[in-house]
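Nothing in this text is a laboratory measurement; each read-out follows from the coordinates by a stated rule. In this text, all values refer to a predicted model and were calculated from it rather than measured experimentally. When we count neighbours, we look across all protein chains shown, and the Cβ atoms used for this are built from the backbone with ideal geometry, even at glycine.
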Amino acid sequence: MSLLNSRTRASLLGFCSLLLLSSALHAAEHPAQASVASAHPSATVAGLETLADGGNAFDAAVAIAAALAVVEPYGSGLGGGGFFLLRKAGSPPTYHFIDARERAPLAAHARMYERNGKVDPQLSLNGPLAAGIPGLPAALADITSRYGRKTLANNLVPAIRLATDGVSIDRIYIDRASWRLDAMRDDRETARIFLDQGNLPEEYSLMRQPQLANTLEKLARYGRIGFYEGETAQKLVEGVRAAGGVWSLEDLASYRTVERQALRYPLSDGRELISAPPPSAGGVALAQSLGMLQQLPWQKAEPVQRAHYVVEVLRRAYRDRGLLGDPDRVANPVNQLLAPDYLKRLAAGIDPQRATPSSSLPPAPAWREGDHTTHFVVMDADGNAVAATLSVNLPFGAAFTVPGTGVLLNDEMDDFATDVSGANAYQLAGSQANAVAAGKRPLSSMSPSFIESPTELAAFGTPGGSRIPSMVLLAMLDYLDGKPVQRWVSSPRYHHQFLPDVIEHEPRAFTAAEMADLQRRGYTLKDVGRAYGNQQVLLWNKKSGEVQSASDPRGIGLATELAAPLR
Ligand code: GLY
């Protein structure tokens, strides 16, 4: 397997020599190692390279995110967006949430996906009308300038090299491309770059992206305006409009990331959840789920009883998702949803033996009128850390690449309730709070999260659409149970999202006896027929200084530590 993997191996060998430097050099209040876990080995190496070159965790996060944009075009990219949760080391540490979510174009409106009086779901999934204004390029520039030690040009070096030299096609790429093959074939530029004569590329073949390298170079040289203004912006708008989209130069020039207060929720034993606030629904769902579980004896329960509790708290948390939307446009009743009395009441309504049919639950309270994606974690030797989840929505996004830019656009507009009385690609029910509107951000499930206490920091996250919060919750429960990091990423997964009223699960999630028990309790089970998710996690033991990270065995990612005398 070519050039790239030998380079990856060589880089890793170089870093391993640093591992020989004793971790005892460090005071225990600092991690003994820097650490990176990402969904692709080349992105992990980009992070390690940046740390070894004097960058901090924030620089490394930019390098990793940019590398993922090249090597995982099915998961994230310059044409997409995401959320970065930052932990800035200090006493106490501070948390910063960078919302780089895509924004609806200014010409967007609630009925833009209707044709002949009916919503056409294809229009928000494939082609340029499906694409929100990208946020990732602005995030790369903003995180570097506000939090990094290096320049954006430094941090983009690995990504530009990967785009220029080429990326070796792997089994995950082929799997995701086979899912989206028809849509990819429909767009000439997407097919030219990401397919081989209209067919799936061979495993281990090399994919070069010179136009993307050129777009990255402009971003490196000019910063944010190198993407959102000037030649790149012109090409993006012309390409989108020529193919039936509605972007304008103003859409791009006015795009800004938003720094929001991270969602913080106290847990037992001095721990605290730090997670994504709206426009993510994920942090609220996690806090609600953990808050309800604190009322229930889940930790002592045998596996089926535990799954019962987990499913019932997820059912209730996902029901309340319909109340959330872009916080710049609608009021989000986060305080009410996380109020102890409310969560106690929800938990008290859980029958310990029987499933609660979703149809029997009252609607969410009216406090207001009115696999694909990617994740990584990185920490430096100062204890700065980033958990980031980035997306283009479905694999290969809108399967539309803007000619002359190499930029594959997202189809994040489908995360809006394009039909407020229907459901989206993840079967999530629509709601008025998440209706399409000009310049609005669609609701997301992405949930980069920390759990921190005086003695530990744990970081979590995964791709996986509507299943993200349930996957992160299961990993958090493994952590709270004291299981090793490898278990957090490898435990079998199951999911419930209120509607449809079924437990979706991986093929190996339950034994036959456990399934029979769950059915007796009134559940409908649906084997999704494949493993899902790609969780990347880390744990810092503040007493010993030890850092452990893990990458989901379902993917091809790499988690590794770098003994770092680099502060
Ligand atoms: N596009 C998936 C999400 O943001 O939830």
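When Rg and Dmax are taken over the Cα atoms of region 168-269, they come to 18.7, 58 Å. Using θ = phi - 60° in the Karplus curve 6.51 cos²θ - 1.76 cosθ + 1.60, the 3J(HN,Hα) couplings for region 551-562 round to 10, 4, x, 6, x, 10, x, 9, 10, 7, 10, 10 Hz; x is entered for Gly and Pro. Under the criterion of Cα pairs below 8 Å and six or more residues apart, the relative contact order for region 476-567 equals 25 percent. Charged side chains reduced to their Cβ positions (Lys and Arg at +1, Asp and Glu at -1) give region 125-178 a dipole of some 220 debye around its Cα centre. Of the residues Ala183, Gly198, Pro158, the one whose Cα sits farthest toward the positive end of the charge dipole of region 122-246, with +1 on the Cβ of Lys and Arg and -1 on the Cβ of Asp and Glu, is Pro158. Each Lys and Arg Cβ is given +1 and each Asp and Glu Cβ -1; about its Cα centre, the chain then shows a dipole of about 560 debye. 3J(HN,Hα) along region 434-443, derived from phi through the Karplus expression 6.51 cos²θ - 1.76 cosθ + 1.60 where θ = phi - 60°, amounts to 10, 5, 5, 8, 4, x, 8, 9, x, 5 Hz, with x in place of Gly and Pro.
Taking other residues whose beta carbon is less than 13 angstrom from the beta carbon of Ser449, and scoring Lys, Arg as +1 and Asp, Glu as -1, yields +1. Averaging over all projection directions, the Cα-based convex hull of the chain occupies 23.5 nm² in the image plane. Can you give the FRET efficiency for Arg115 and Glu250, using 1/(1 + (r/R0)^6), R0 = 25 Å, r = Cβ-Cβ distance, to the nearest 0.05? E(calc), rounded to 0.05, equals 0.45. Sorted ascending by nearby beta carbons within 10 Å, beginning with the fewest, Glu412, Glu102, Glu312 become Glu312, Glu102, Glu412. Report the percentage of all Cα-Cα pairs in region 143-202 whose separation exceeds 17 Å, rounded to a whole percent. Of the Cα pairs, 55 percent sit more than 17 Å apart. Provide the net charge surrounding Ala213, with neighbours chosen by a C-beta distance below 13 Å and charges set as Lys +1, Arg +1, Asp -1, Glu -1. With Lys, Arg at +1 and Asp, Glu at -1, the neighbours total +2.
Taking θ as phi - 60° and the Karplus parameters 6.51, -1.76 and 1.60, the scalar couplings of region 210-221 work out to x, 5, 5, 4, 5, 5, 5, 5, 5, 5, 4, 7 Hz in sequence order, x denoting glycine and proline. Using only side-chain charges placed at the Cβ, +1 for Lys and Arg and -1 for Asp and Glu, the dipole size of region 204-280 relative to its Cα centre rounds to 140 debye. What do you get for Rg/Rh over region 229-312 if you use C-alpha atoms and the Kirkwood form of Rh? On the Cα set of region 229-312, Rg over Rh gives 1.31. Near Lys218, which aspartates and glutamates are there with a Cα under 17 Å away, not counting those fewer than 8 places off in the same chain? Within the straight-line limit of under 17 Å, Lys218 reaches these aspartates and glutamates: Asp142, Glu229, Glu231.
Given the pairs Lys300/Lys344; Lys88/Lys235; Lys88/Lys300; Lys118/Lys235, which are separated by over 28 angstrom at their Cα positions? Table pairs above 28 Å Cα-Cα are Lys88/Lys235; Lys88/Lys300; Lys118/Lys235. Sorting Trp179, Trp247 by the number of Cβ atoms found within 10 Å of their own Cβ, with the fewest placed first, yields Trp179, Trp247.
Among Asn214, Pro128, Gly80, which residue has its Cα positioned farthest towards the positive end of the charge dipole of the chain, with +1 placed on the Cβ of Lys and Arg, -1 on the Cβ of Asp and Glu, and the dipole taken about the Cα centre? Of the listed residues, the answer is Gly80.
Going by neighbour counts of Cβ atoms within 10 Å, the residues His96, His375 line up, fewest first, as His96, His375.
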